[in-house]
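Colleague: Input: one structure, supplied below.
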Amino acid sequence: MKEKRIYNFNPGPAALPLPVLEEIRESFLNFGGSGMSVTEVSHRSAQFDEVINDAIERTKRLLKLDDKFRVLFIQGGASMQFCMIPMNFMKDGQSADYVNTGTWSTKAIKEAQIQGKTVNVVASSEDKDFSYIPKDIPFNSDAVYAHITSNNTIKGTQWASFPDTKGVPLISDMSSDIMSRAFDVNPFGFIYAGAQKNIGPAGVCMAIIREDMLEMVPDSVPSMLKYTTYSSKNSLYNTPPCFAIYTVQLVLKWLEETIGGLDKMEEINRKKADRLYSFIDSSDFYRGTAELESRSIMNITFRLPSEELEKSFVQKGLENDLGGLKGHRSVGGCRASIYNPTPPEAVETLVDFMKTFEKENG
Ligand SMILES: *Cc1c(COP(=O)(O)O)cnc(C)c1O
């Protein structure tokens, strides 16, 4: 039993900013002077309208989206998007490009293929166990879209810059790095992110769609699976996950008002990642698993000299109030997920712990 909050390096659901959790606690029984909890108000009420619209406006300001972009909230996680994207954007006879950089890209490809869609895997880093981001990718000019995974949560790699698809709309799964850095949204036709890594709790996926992409949606797609439904009804066609959206709104408010926007957030995130990587690189005991140029600033993956030691590291970490350091069950090893809410002190404490563990076991 822990008496206090620990430093949480979970990959997702993951740490949330403490001020956000405190605001939720404060407002939980009487939200916005409504005399009700946010979990009790109607999704058709003025109070909830304010929540969802504020979340949308903050997203637009943070990402510098102009009026041709719409912000949507959809259930089913990022995984639902794997099937909705081909369903909405790819008709018979058309094809799409996918870059395979790990577990999540592989799943996205599979969901398009299940539907009998034509998928061109134009590049893959599977040859080296997904430890890098491919370069010089031969994108097809007649593809309806090109799909990438901007940050590979499990393998610890991230696109340092986005590829030039020569006008073909870029689609990215940004589940584990949305709002972690500033970038130019203009090449993107569609962006999606399960909230539970960087911007909120589980239960909602944020989607950002460029207006012209809405015209690609076939009538035959069922209402709940159609982006046009979410767009025309402001994500209120049916009951949305109100509490999750409310939490996202508060996280975005924290990002804008406490942190000061994405440039600031990125600066903090890069410092945190540099601190951890430079320590790993200076040690003969710990070994990073991603290639240098492809390293993620969100998920730092590393190995110890043996699986035995890795197990002990994760266990000892938890005993020292450092949680979630276990690598994904499919790859083993260790992983520190240092999303936006993870404070620099958490990384500093982790590095101290790593030094001590090395002394005792190296
Ligand atoms: C976690 C994750 C997913 C899966 O998200 P769900 O919301 O659980 O469906 C997909 N893509 C990436 C990059 C992820 O990190």
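The values are calculated or read from the model by the stated rules, or taken from the named source; none is laboratory data. Since the model is a prediction, treat every value here as computed from it, not as a measurement. All Cβ positions, even for glycine, are placed from backbone atoms using ideal geometry, and neighbour counts span all protein chains on display.
Colleague: Consider K253 against the criteria (1) more than 17 Å from M84 (Cα to Cα); (2) surrounded by 18 or more Cβ atoms within 10 Å (Cβ to Cβ): it satisfies all of them except one. Which criterion is unmet?
Modeller: The single condition K253 does not satisfy is (2).
Here's the yes/no breakdown for (1) within 16 Å of the ligand (Cβ to nearest atom); (2) part of a loop (DSSP other than H, G, I, E, B); (3) in contact with a Pro (Cβ under 7 Å, 6 or more places away or on another chain); (4) not assigned by TED's automatic domain parsing to the domain that holds G76:
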{"residue": "V121", "(1), (2), (3), (4)": "no, no, no, no"}
{"residue": "Y132", "(1), (2), (3), (4)": "no, yes, no, no"}
{"residue": "H147", "(1), (2), (3), (4)": "yes, no, no, no"}
{"residue": "G167", "(1), (2), (3), (4)": "no, yes, no, no"}
{"residue": "D177", "(1), (2), (3), (4)": "yes, yes, no, no"}
{"residue": "V185", "(1), (2), (3), (4)": "no, yes, no, no"}
{"residue": "A202", "(1), (2), (3), (4)": "yes, yes, yes, no"}
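Table: residues versus (1) more than 16 Å from the ligand (Cβ to nearest atom); (2) assigned to a loop (DSSP other than H, G, I, E, B); (3) under 14 Å from E291 (Cβ atoms).
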| position | (1), (2), (3) |
| --- | --- |
| V99 | no, no, no |
| W104 | no, no, no |
| K135 | yes, yes, yes |
| F139 | yes, yes, no |
| I154 | no, yes, no |
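Colleague: Go through (1) under 25 Å from N151 (Cβ atoms); (2) away from the ligand (no atom under 16 Å from the Cβ); (3) in contact (Cβ under 8 Å) with a residue 12 or more places away in the chain and name the single condition D54 misses.
Modeller: (1)
Colleague: Also, I was wondering about something else. Take the residues of region 57-84 that are assigned to a helix (DSSP H, G or I) and among the aliphatic types (A, V, I, L, M): which is nearest to the ligand (Cβ to nearest atom)?
Modeller: Residue satisfying both the conditions and the ranking: A78.
Colleague: Find the residue count for region 204-240, including only residues that are touching a residue at least 60 places away in the same chain (Cβ under 8 Å) and part of a loop (DSSP other than H, G, I, E, B).
Modeller: 11
Colleague: Report the residue count in region 1-27 for those that are surrounded by 13 or more Cβ atoms within 10 Å (Cβ to Cβ) and assigned to a loop (DSSP other than H, G, I, E, B).
Modeller: Here is the first cut: in region 1-27, the residues surrounded by 13 or more Cβ atoms within 10 Å (Cβ to Cβ) are 6-17, 19-21, 23-24, 27.
Retained after the next criterion (residues that are assigned to a loop (DSSP other than H, G, I, E, B)): 6, 9-17.
The qualifying residues number 10.
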